[in-house]
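Novice: Attaching a single structure in structure tokens format; questions to follow.
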Amino acid sequence: MSRVYNFSAGPAVLPEEVLLEAQEEMMDYRGCGMSVMEMSHRSKMFDTIIEEAEADFRELANISDDYAVLFLQGGASLQFAAVPMNLMKNRVADYIVTGQWAKKAWQEAALFGKANKIASSEDKTFSYIPDCSDLPVSEDADYVYICENNTIYGTKYWKLPNTKGKLLVADVSSCFLSEPFDINNYGILYGGVQKNIGPAGMVIAVVRKDLITDDCLPGTPTMMKYKTQADNGSMYNTPNCYCIYICGKVFKWLKKMGGLSVMKERNEKKAKLLYDYLDSSKLFHGTVVKEDRSLMNVPFVTGDADMDAKFVKAATAAGFENIKGHRTVGGMRASIYNAMPYEGVEALVNFMKEFEKENA
Ligand SMILES: *Cc1c(COP(=O)(O)O)cnc(C)c1O
């Protein structure tokens, strides 16, 4: 068996311990004679899996009973519609557009009401987070929306916006469980799990319970109502059982690692290694302003498209996979999620140093 260092932005690297455990349990899950993929979602066995997953997630992220934890399908992208369908009572919402995912969410909301773009960093290809201390938040806005970590551009809100009392909704797909967060700052927080937690095809939505009502926009499909999902323990229909099972294992792995504050320290250490090198390099440089740098997604360029292509080719040949930047940005991007070991980043930086020497 040979494993590469996988810098994919998502689906992405998972802890090897989790994969090995899943392999071990593949044919016969804990003596029941079948795999988790084959078992009824109404079985006792699966009940235990989903209940433990939720309990471990709540414990890790310190989620109180004021919030529902929902395991939903349709990825983060379906939440772009679910949020306005469930929250847009006045048909007004304010969006801060800091990248493609925020832009898509904003465009989707415009299908349902007045979606105001109250700030944006598109003028400089989303390379920074705008000042959000005193934005023109709409009087009648149902919520203010952000994408907290911008996967493609590599920026992160290190301070949440001043929403002037309005509800904050955040897409945290690419920074989910990478550090502690205070759920009380959010009305809804959600993330697709394939960036930092598990396999693709599921989103975890943490929704404040008083926001879960039957009062959705007219025509909201049953499946899209948070109430349907909350009333049925995320099992109104067949959930993504195997994904819930793997996420549950990742939660246990995170707990064993020491929890989210330990993950934050580890992630800071990994990111510092790479950013320090980028800041000192004469060949490579980061593409976003320093204050807004993400700990999870690190885009960088040489400034020469041919040199970028040469680097990507050489890196791939040396076992550094998925290092090519997003098609809309070019250059390179290293996604260094929770499951990427320090050694992986160290090996990448050493490889970059060698490459720089040879191409000086
Ligand atoms: C990947 C990503 C999405 C889209 O996730 P899907 O599960 O493919 O819908 C949305 N938002 C952010 C921040 C992402 O990184």
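What follows is calculated from the coordinates using simple rules that are stated; it is not laboratory data. Here the structure is a predicted model, which means the values were calculated and not measured. Every residue, glycine among them, receives a Cβ derived from its backbone with ideal geometry; neighbour counts consider all protein chains shown.
Novice: Taking the Cα centre of the chain as the origin and placing charges on Cβ (Lys, Arg +1; Asp, Glu -1), which of 222, 18, 67 is farthest toward the positive end of the dipole?
Specialist: Looking along the dipole axis, the top candidate is 222.
Novice: With a sphere of radius 12 Å drawn around the Cβ of residue 207, what net charge do the other residues whose Cβ falls strictly inside it have (Lys, Arg +1; Asp, Glu -1)? Don't skip to the answer; put the middle values down first.
Specialist: On the way: positive: 208, 209, 225, 227; negative: 66, 210.
Counting the neighbours of residue 207, the net charge comes to +2.
Novice: Sticking with this structure for a sec: Test of understanding: in a Gaussian network model of the chain with alpha carbons linked when under 10 Å, which of 127, 178, 40 would top the mean-square fluctuation ranking?
Specialist: 40
Novice: For residue 213 and residue 24, compute 0.36 nm times the residue count separating them, minus their Cα-Cα distance, and round to one decimal in nm. Show your work: numbers first, answer last.
Specialist: Working: separation 189, 0.36 × 189 = 68.04 nm, distance 4.19 nm.
Here the segment from residue 213 to residue 24 would lengthen by 63.8 nm.
Novice: Also: After finding the eigenvalues of the alpha carbon gyration tensor for the chain, what semi-axes result from the square roots of 5 times each, listed largest first in whole Å?
Specialist: 33, 28, 16
Novice: Moving on to the next point. Which residues in the range 267-305 place their backbone N less than 13 Å from a point set 7 Å from the Cα of residue 359 along the Cα-to-Cβ direction?
Specialist: Residues 282-285, 300-305 fall inside that zone.
Novice: Compare the Cα positions of 311, 323, 33 along the charge dipole of the chain (+1 at Cβ of Lys, Arg; -1 at Cβ of Asp, Glu; about the Cα centre) and return the one farthest towards the positive end.
Specialist: So the residue furthest toward the plus end is 311.
Novice: Counting residues in the range 259-358 as N, plug N into 2.2 N^0.38 Å and put the Cα Rg over that result.
Specialist: Working: Rg = 13.0 Å, N = 100, 2.2 N^0.38 = 12.7 Å.
Taking N as the residue count of the range 259-358, the ratio is 1.02.
Novice: Rank these for me by crowding, 312, 288, going from fewest to most other beta carbons within 10 Å.
Specialist: 312, 288
Novice: Quickly rank 139-149, 342-352 as a protection proxy: mean count of other C-beta atoms within 10 Å, highest first.
Specialist: Ranked by mean Cβ neighbours within 10 Å, highest first: 139-149, 342-352.
Novice: Additional query: In the structure displayed, which of 114/195; 44/249; 44/89; 124/324; 114/324 lie more than 28 Å apart, Cα to Cα?
Specialist: Pairs exceeding 28 Å: 114/195; 44/89; 114/324.
Novice: May I ask you to derive the FRET efficiency for residue 350 and residue 289 from their Cβ-Cβ distance with R0 = 30 Å, giving the value to the nearest 0.05?
Specialist: Working: r = 27 Å, r/R0 = 0.89.
For residue 350 and residue 289, the calculated efficiency is 0.65.
Novice: Further, regarding this structure: Could you work out which residue, out of 20, 167, 283, moves most in a Gaussian network model of the chain, that is, has the largest mean-square fluctuation with Cα springs under 10 Å?
Specialist: Between 20, 167, 283, it is 20 that shows the largest mean-square fluctuation.
Novice: Over the range 259-358, calculate the relative contact order: mean separation of alpha carbon pairs under 8 Å at least 6 apart, over the residue count, as a percent.
Specialist: 31
Novice: Name the residue from 344, 296, 283 whose Cα lies farthest towards the positive end of the charge dipole of the range 259-358, charges +1 on Cβ of Lys and Arg and -1 on Cβ of Asp and Glu.
Specialist: Selected residue: 296.
Novice: On to the next question. Tally the DSSP beta bridges in the range 17-257 and give the antiparallel ones as a percent, rounded to 5.
Specialist: Percent antiparallel among DSSP bridges in the range 17-257 is about 45.
Novice: Taking the Cα centre of the range 223-360 as origin, work out the dipole magnitude from +1 charges on Lys and Arg Cβ and -1 charges on Asp and Glu Cβ, in debye rounded to 20.
Specialist: Using Cβ point charges on Lys, Arg, Asp and Glu, the range 223-360 gives about 640 debye.
Novice: Further question on the same structure: Among 324, 264, 44, whose mean-square fluctuation peaks in a Gaussian network model of the chain (Cα, cutoff 10 Å)?
Specialist: Looking only at 324, 264, 44, the biggest GNM fluctuation is shown by 44.
Novice: Let me ask you something else. With only Lys, Arg, Asp and Glu charged, each at its Cβ (+1 for the first two, -1 for the last two), find how big the charge dipole of the chain is about the Cα centre; round to the nearest 20 debye. Don't skip to the end; give the middle numbers.
Specialist: Values: 40 positive and 47 negative charges, 99 e Å.
So the dipole magnitude of the chain works out to roughly 480 debye.
Novice: Just list whichever of 256/313; 225/256; 290/310; 264/357; 117/290; 255/282 have alpha carbons separated by over 28 Å in the model shown.
Specialist: Over 28 Å apart, Cα to Cα: 256/313; 225/256; 264/357; 255/282.
Novice: Can you put 156, 313 in order, fewest other beta carbons within 10 Å first?
Specialist: Ascending Cβ contact count within 10 Å gives the list 313, 156.
Novice: Then there is this: For 204, 50, what ranking results if the residue with the fewest other Cβ atoms within 10 Å of its Cβ goes first?
Specialist: Details: 204 27, 50 20.
Listing 204, 50 from fewest to most nearby Cβ atoms yields 50, 204.
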